[in-house]
Amino acid sequence: MTNIVGMDLPEMQAALGAGLPAYRSRQLYEAVYKRRVDSLENISNFPKDLRAQLAEGYRLGLPEVQTRFDSVDGTQRCLLKLDDGKTVETVLMPEGERYTFCISSQVGCPVNCQFCLTALMGLERNLTAGEIVGQILKVAALNGLETSIDRLNIVMMGQGEPLLNLPNVIRATRILLDEDGVGFSPKRVTVSTSGILPKMLELAKEPVRPKLAISLNASTEEQRQEIMPITRKYHLKDLMEVCRSYPLRSWEKLTFEYVLLKGVNDTDADARRVVKLVSNINCKVNLIALNPGPGIDFETPTPERVESFQTIVQRAVPCFVRKPRGLDVYAACGQLKRMELTQISGGSGTSA
Ligand code: SAH
Ligand code: SF4
């Protein structure tokens with residue numbers, strides 16, 4: 001049966017059949033994305049026969065929680081099972097009154113960054129728009145979060161390279177940002193890319209789009225090619241060119257992310273080169289000290305090294321150090337590789 005989750009309004013209209021007035025498809029759209037009903041039979045403002053007719057051909061399919069891992073710092077990592085039995089990860093990070101969802105865009109990732117655990121999986125497949133939106137609907141419901149009211153952010157920084165699944169990412173974004181849909185503010189949804197240049201240019205043209213973060217991760221062309229082999233195709237020089245001309249909205253800044261690898265890209269000279277690269281761009285820089293993992297041949301720099309790097313970059317642009325979240329349950333950046341309970345020592349996992 002066809003899944004309703006992931007459909008836009010015209011597709012819902014088609015699913016209901018041509019004979020029905022347009023307000024019915026709007027009711028369906030709101031019930032699925034705004035009120036988040038848990039089954040098509042529970043759309044209370046639909047007559048009984050319409051509910052039954054809909055349920056014959058369609059289903060409201062959300063990913064299932066296979067396992068939930070709760071970190072000591074409040075971070076929650078959910079291993080979600082998709083229709084075909086594959087799993088992806090969604091991380092929920094509470095920060096005071098706010099929550100940030102870190103969602104996946106692909107099962108695994110085809111980009112071979114040398115410091116990232118997800119890279120070791122390779123690409124299994126793209127997620128559908130319904131599976132991208134479904135991660136939010138499922139994890140919000142699990143935690144009783146109201147998507148249009150609560151202070152919620154989304155970062156597409158889980159498994160996968162979102163810009164290599166751009167059509168589904170854009171479809172999902174439209175539903176997530178639609179006031180009549182899930183209802184997130186465009187200021188609170190960010191997509192992160194390793195720098196797939198032609199796709200960045202495509203995204204720039206979209207009328208409804210998330211904010212953009214770029215994983216810079218190196219200060220020279222050679223260094224970047226070494227740790228992110230894909231940049232042999234998409235050069236640093238061209239990336240900075242695209243960033244300089246990227247059309248930002250009045251309230252918007254680009255974000256650069258920079259994973260600090262001990263002795264590789266973390267010196268003061270690197271920091272000064274980063275300043276040169278970004279200083280004429282309206283941006284901020286987020287530093288992430290490497291989160292280590294099995295099979296990753298890099299080390300984490302000392303907090304003093306990280307601070308020294310930050311001090312230099314901060315003279316030019318706002319620069320923050322991202323605290324690792326959920327390290328004990330493999331929920332932190334670059335650690336998402338479906339690690340199961342048996343593979344983790346410490347941290348608590350609950351099967352659902
Ligand atoms: N594929 C996209 C989004 C997911 S990765 C991208 O690369 O931007 C999200 C962020 O985690 C990226 O900035 C990436 O550089 C960072 N990251 C990857 N592995 C990491 C690790 N082991 N420790 C810290 N950050 C890591
Ligand atoms: Fe893929 Fe991002 Fe990991 Fe690189 S850092 S392998 S692009 S998920």
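The values are calculated or read from the model by the stated rules, or taken from the named source; none is laboratory data. All figures in this text were calculated on a predicted structure; none of them were measured in a lab. Positions of Cβ are generated from backbone atoms using ideal geometry, with glycine treated the same way; all protein chains shown enter the neighbour counts. Just the protein is used for accessible areas: all its heavy atoms, side chains included, with ligands, DNA and RNA removed. Shrake-Rupley method; radii C 1.70, N 1.55, O 1.52, S 1.80 Å.
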Can you tell me which residues in segment 108-156 are of a type in the set (Val, Ile, Thr) and over 15 Å from the mean Cα position of the chain (by Cα)? Val111, Thr147, Ile149
I need the strands (runs of 3 or more DSSP E) fully contained in segment 158-263, keeping only those with at least 3 residues that are of a type in the set (Val, Ile, Thr). 189-193
Restricting to segment 280-313, name every residue that is within 26 Å of the chain's Cα centre (by Cα) and either of a type in the set (Asp, Glu) or away from ligand 1 (no atom under 15 Å from the Cβ) (or both). Ile281, Asn282, Asp297, Glu299, Gln310, Val313
If I ask for residues that are crowded, with 20+ Cβ neighbours inside 10 Å, at negative phi and not hydrophobic (A, V, I, L, M, F, W, C), which ones from segment 172-207 would you list? Thr173, Gly181, Ser192, Thr193, Ser194
Checking the condition open to solvent by less than 70 Å² (accessible area, probe 1.4 Å), at pLDDT 75 or above and on the phi > 0 side of the Ramachandran plot, which residue from Gly326, Gly334 passes? Gly326
Does at least one position in segment 138-152 carry a residue that is within 17 Å of Val169 (Cα to Cα) and surrounded by 18 or more Cβ atoms within 10 Å (Cβ to Cβ)? no
Does segment 255-264 include one or more residues that are open to solvent by 30 Å² or more (accessible area, probe 1.4 Å) and of a type outside the set (Lys, Arg)? yes
Looking at Gly263 and the list (1) in contact with a strand residue (DSSP E or B) (Cβ under 8 Å, 6 or more places away or on another chain); (2) at positive phi, which single condition is not satisfied? (1)
